[in-house]
Amino acid sequence: MGKRTALYNKHLEKNAKMVDFGGWLMPLHYGSQLNEHHQVRRDSGMFDVSHMTVLDLSGQRVREFLRYLLANDVARLKNVGKALYSCMLNEHGGVIDDLIVYFQGETKYRLIVNAATREKDIAWITQQAQAFDVEIREREELAMLAIQGPNARDKVKSLLPKSLQESALALTAFNAVWDDNDYFVARTGYTGEDGFEIILPAEQVTELWDGLLKAGVAPIGLGARDTLRLEAGMNLYGADMDENTSPLESGLSWTVAFKPEDRDFIGRSALEAQRDKGNHPIMVGLVLREKAVLRGHQVVTVADGKIGEITSGTFSPTLGFSIALARLPAGKYEQVSVTIRNKQLVAQVVNPPFVRQGKACINL
């Protein structure tokens, strides 16, 4: 039997279709994935993301450790509360996981890592931390909600602790505030819409959930979360990158901090060799105008006959046609051919994201 979040019974009350996700029983949808997608783009929705793993790292050398552990550089985090997106790599430059790190003080940082990679992440971080005398604390007693959409922040504000309301509403993107009672509010998300991700004690999450329902924030399942993140051009671990692909092959070169040149991080030498060689696969966006759906693992053929593959694909509810992320051989392409049910269909190559804050980001 899969693990259950503190909101499991609330999902059942809303007639959610529950599925296994990373060992957790999670809501796929509450009746209509399509309606839930539009709800987030047009108004507001909330996601139970309590399956995500919260790790608090502390110690006198914790910053030094994270500068070694992560491909992005936490030295960029100058102000308390600032967040950074990064990949955590193995020695070969493959992605062990992608995560968000929050700067909570000179000796304290918070990591949010994926549920499906929890065990290997904790094992890897623990192993690497031994030489730095860093304490790693998993916060299993906490729950996490994401409230996303153009009206999300307005509907959340009165439900936050009074001590955090003003500071939370003043947050800019990729910043967080918190209090002494383990209530943590970040202006982050996985949908391409504005909103908050809130971490709080699990015993308090039901009250927040009920308050959000009364405020008109609809529950949203994993199905719409996936179409929303793909429209926003955001990678999914295990689909768009994994331990056998590097950030450079996954459209995530912007998350790798090669400067300063004297910073040693795990996987650096492998990434530098790949970068300098310059013929590594690339990640692109695809748009298909025909009446078919792009799906993961479909074969993509480029002009010279070389083969690539779709890593994530779906019908875009916002745009009204199919979109995808694909890993292709090195090169520049305007069009490619995708094999769907033994037919070759022409797809346009674009630069993701496809949609942000409800608006198309590509030429239609």
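Against the test of being within 21 Å of the chain's Cα centre (by Cα), in a helix (DSSP H, G or I), at pLDDT 95 or above and under 18 Å from PHE47 (Cα atoms), the options LEU213, LEU200, LEU248, LEU230 yield a single qualifying residue, LEU230. Per the listing HIS92, HIS29, the residue uniquely in contact with a Lys or Arg (Cβ under 9 Å, 6 or more places away or on another chain) and of a type outside the set (Val, Ile, Thr) is HIS29. Taking region 86-117 as the range and being closer than 20 Å to GLU64 by Cβ, under 16 Å from the mean Cα position of the chain (by Cα) and not aliphatic (A, V, I, L, M) as the test, the residues that pass are SER86, CYS87, TYR102, ARG110.
Beta carbons closer than 7 Å, at least 6 apart along the sequence or on distinct chains, pair a first residue in region 129-155 that is more than 19 Å from ALA224 (Cβ to Cβ) with a second that is outside any strand (DSSP E or B) and β-branched (Val, Ile, Thr) for VAL134/VAL62; ILE136/ILE125; ILE136/THR126; GLU138/ILE122; ALA143/THR5; ALA143/VAL205. Within region 190-210, the only residue that satisfies the criterion of being out of contact with any helix residue (DSSP H, G or I) (no Cβ under 8 Å at 6 or more places or on another chain), closer than 17 Å to LEU111 by Cβ and not β-branched (Val, Ile, Thr) is GLU197.
Can you tell me which residue in region 158-167 is nearest to TYR183 (Cα to Cα), limited to those that are in a helix (DSSP H, G or I) and aliphatic (A, V, I, L, M)? Among them, the one singled out is LEU164. Condition first: in contact (Cβ under 8 Å) with a residue 40 or more places away in the chain and out of contact with any Gly (no Cβ under 8 Å at 6 or more places or on another chain). Now tell me which residues in region 287-298 satisfy that. Listed by number, the residues that qualify are VAL287, LEU288, ARG289, GLU290, ALA292. Would you check which residues across region 202-221 are surrounded by fewer than 19 Cβ atoms within 10 Å (Cβ to Cβ) and touching a strand residue (DSSP E or B) at 6+ places or on another chain (Cβ under 6 Å) and list them? ALA202, ALA218, listed by residue number.
Screening TYR333 against (1) over 24 Å from VAL40 (Cα atoms); (2) part of a strand (DSSP E or B); (3) hydroxyl-bearing (Ser, Thr, Tyr) leaves a single unmet condition, (2).
In region 179-192, the qualifying residues are those that are out of contact with any Lys or Arg (no Cβ under 7 Å at 6 or more places or on another chain) and crowded, with 20+ Cβ neighbours inside 10 Å, and the one that is nearest to GLN148 (Cα to Cα) is GLY189.
Might you check whether a residue that is surrounded by 14 or more Cβ atoms within 10 Å (Cβ to Cβ) and hydrophobic (A, V, I, L, M, F, W, C) occurs anywhere in region 272-280? There is no residue in region 272-280 that is surrounded by 14 or more Cβ atoms within 10 Å (Cβ to Cβ) and hydrophobic (A, V, I, L, M, F, W, C).
Output the residue which, of all residues in region 123-157 that are among the basic types (Lys, Arg) and in a helix (DSSP H, G or I), is surrounded by the fewest Cβ atoms within 10 Å (Cβ to Cβ).
The extreme case among them is LYS157.
Does ALA239 satisfy the criteria of being surrounded by fewer than 20 Cβ atoms within 10 Å (Cβ to Cβ), assigned to a loop (DSSP other than H, G, I, E, B) and not charged (D, E, K, R)? The answer is yes for ALA239. Inside region 1-19, residues that are outside any loop (DSSP other than H, G, I, E, B) and in contact (Cβ under 8 Å) with a residue 60 or more places away in the chain make up a count of 4. Counting the residues of region 158-176 that are surrounded by 20 or more Cβ atoms within 10 Å (Cβ to Cβ) and not polar (S, T, N, Q) gives 3.
The values are calculated or read from the model by the stated rules, or taken from the named source; none is laboratory data. From a predicted model like this one, the values you see are computed outputs, not experimental measurements. Cβ: placed from backbone, ideal geometry, glycine included. Neighbour counts: every protein chain shown.
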